[in-house]
Structures are given as structure tokens and as C-alpha cells.
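Since the structure comes first, as C-alpha cells, the remarks are kept for the end.
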Amino acid sequence: MRYPIPNESIELLFTKARSHRSWTEHPVSQETLRELYEVMKWAPTSVNLAPARFVFVQTELVKEKLYPYLMDSNVEQVKSAPVTVIIAYDEKFYTNAKRLYPAYDTTDYFKNDPKISSDTAFRNSSLQGAYLIMAARALGLDTNSMSGFDNAGVDKAFFAGTDLKSNFLCTLGYGDDSKLFARGPRLSFDEVCQFI
Ligand SMILES: Cc1cc2nc3c(=O)[nH]c(=O)nc-3n(C[C@H](O)[C@H](O)[C@H](O)COP(=O)(O)O)c2cc1C
């Protein structure tokens, strides 16, 4: 039997956590990024396949490869954030299937069905991106996700000749609370949920 986490932790993860677009000077170390992965890697994926791959962009030199493919309003965010993660997925994720789920080998199931394989890679890498956001919050970091960019362009610039494809981007750092605008509302329970 496990017990709910304290309300303060729920606030940190959900109810008071914001998406940040402006950052303090506080840096994010590679040690923290490793810790982040060590936390989020335990969250669940289909048949434990973990198709997501994470590229932590830290330097101006590499950020410059991203700028041409970003929606205008996202350029400044990437420029100012200590880290931008390219959350990608490995289209050949199933090469690890046997190792990651020894109880039942699904390699051929995915290898022989490109539609199921690509749906699985996209669905689970999206989930893993969400886990990364929540793990970052749990470690006291702030994030902003971005789908406003040209995926094909980023794939060409970063993943040419590989089996990786970009899903979305996520900035990481310590947000500047003074720059936040008023939070948007959320849909109510009755609008989006039903008991049947
Ligand atoms: C998948 C995804 C894509 C997003 N794309 C962008 C984006 O391209 N640019 C941007 O500034 N914010 C982007 N956002 C941030 C959302 O607008 C923000 O998380 C949402 O308005 C909730 O804000 P709050 O967390 O401060 O309440 C994205 C968020 C998600 C989860």
C-alpha cells in the first residue's frame, strides 16, 4: 500500500508548475541532466520498448543549427534557455526489444509491421517526453515544450543517415517567475470526463 505524495509535491509537479519562456542565469549541469534521465527512464512504455532518444543541446554553436527550423517566437526561447532537449525516437527501437522485455520477444512483430512500429515509436516517445517534463519538475527544473518547428529540417540537420526522427523540443532551466503571463484556464471535469 502506497500513500499519496504531499500536496506541496503535487503543486510542484502539476497545479503550480508553469511552462517557462524566460530563464534565470542559473546553469544546468550535465550531472543534473544525467540525474533527470535516471529518474524518468523508469516510467512505463509499451513492452518496455523506450523508443525515445534525447539530445541535450547546450552550446550556442549547436543551437545555431536549430534556429533556422524554429517558429520565430521559439528562437529567443532556445537562445536563452540553458538546455534544449530534442526529444526524438529511434525508428528501429525494436532492435532492443528482446533485451528490454526478456519475457516475450516482440522484435518481429514490430519489424514486420511498419504502421504499428511507427505508431508505437511516436506514442511512446511522446509519453517519454511528458515523463521528462515531470521528472524535470520533480528535480526543481522548469521546462517549456515546443512543437513549433520544422521536424523534417531538424531531422536533416541532426539525424541524417540515422534511424532517429524528432518528436518535439523541450527547453530546460530555472525559470524567471517574474516573466510569466497569467495562466490559461483548464477544461472542467464535466467538459472532458464521463463516468459510464
Ligand atoms: C507538445 C507541446 C507543444 C508546445 N509548443 C509550444 C511552442 O511551440 N511554443 C511555445 O512557446 N510554447 C509551446 N508549448 C507550451 C504551451 O503553450 C504551454 O505548456 C501551455 O499553454 C500551458 O502553460 P502553463 O504550463 O504555463 O499553464 C507547447 C506545449 C506542449 C506540451
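The values are calculated or read from the model by the stated rules, or taken from the named source; none is laboratory data. Since this is a predicted model, take the numbers as computed values, not measurements. Because the Cβ atoms are built from the backbone with ideal geometry, glycine has one as well, and the counts that use them run over all protein chains shown. Heads up: the accessible areas ignore ligands, DNA and RNA and are worked out on the full protein's heavy atoms, side chains in. Shrake-Rupley method; radii C 1.70, N 1.55, O 1.52, S 1.80 Å.
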> How large is the Kirkwood hydrodynamic radius of the chain, in angstrom, based on all distinct alpha carbon pairs?
Replying inline: 18.3
> Per residue and in Å³, how big is the convex hull formed by the alpha-carbon atoms of the stretch 115-196?
Replying inline: 178
> In whole Å and largest first, what semi-axes does the C-alpha gyration tensor of the stretch 1-74 yield when each eigenvalue is scaled by 5 and square-rooted?
Replying inline: 28, 20, 14
>> Can you tell me which of Gln30, Gln128, Gln58 moves the most in a GNM of the chain? Springs connect C-alpha atoms under 10 Å apart.
In response: Gln30
>> Over 29 Å between Cα atoms: which of Lys98/Lys165; Lys65/Lys115; Lys16/Lys156; Lys111/Lys156 fall into that group?
In response: Lys65/Lys115; Lys16/Lys156
> Tell me, what is the per residue accessible area of the chain in Å², probe radius 1.4 Å?
Replying inline: 62
>> Between Gly175, Gly184, Gly129, where does the largest GNM mean-square fluctuation fall for the chain, given springs only between Cα atoms within less than 10 Å?
In response: Gly184
>> If each DSSP helix of 4+ residues adds -39,500 (n - 2.57) and the sum is divided by the residues in the chain, what number results at 222 nm, nearest 500 deg cm²/dmol?
In response: -11000 deg cm²/dmol
>> Given the whole protein assembly as supplied and a 1.4 Å probe, what does the accessible area of Lys165 come to in Å², nearest 10?
In response: 70
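Let me spell out the model: positive unit charges on the Cβ of Lys and Arg, negative unit charges on the Cβ of Asp and Glu, origin at the Cα centre of the chain. What dipole size does that give, in debye rounded to 20? Working shown, then result.
Working: 22 positive and 24 negative charges, 50 e Å.
Value, rounded to 20: 240 debye.
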> Do any chymotrypsin sites (Phe, Trp or Tyr not before Pro) in the stretch 80-148 lie in a DSSP loop with no more than 16 other beta carbon atoms within 10 Å, and if so, which?
Replying inline: Tyr104
>> Once neighbouring chains are kept in place and the probe is 1.4 Å, which whole percent of the accessible area of the chain is contributed by carbon and sulfur?
In response: 55
>> Amide H of Leu139 versus every other amide H placed in the peptide plane: which residues, excluding those fewer than 5 positions away on the same chain, fall under 5 Å?
In response: none
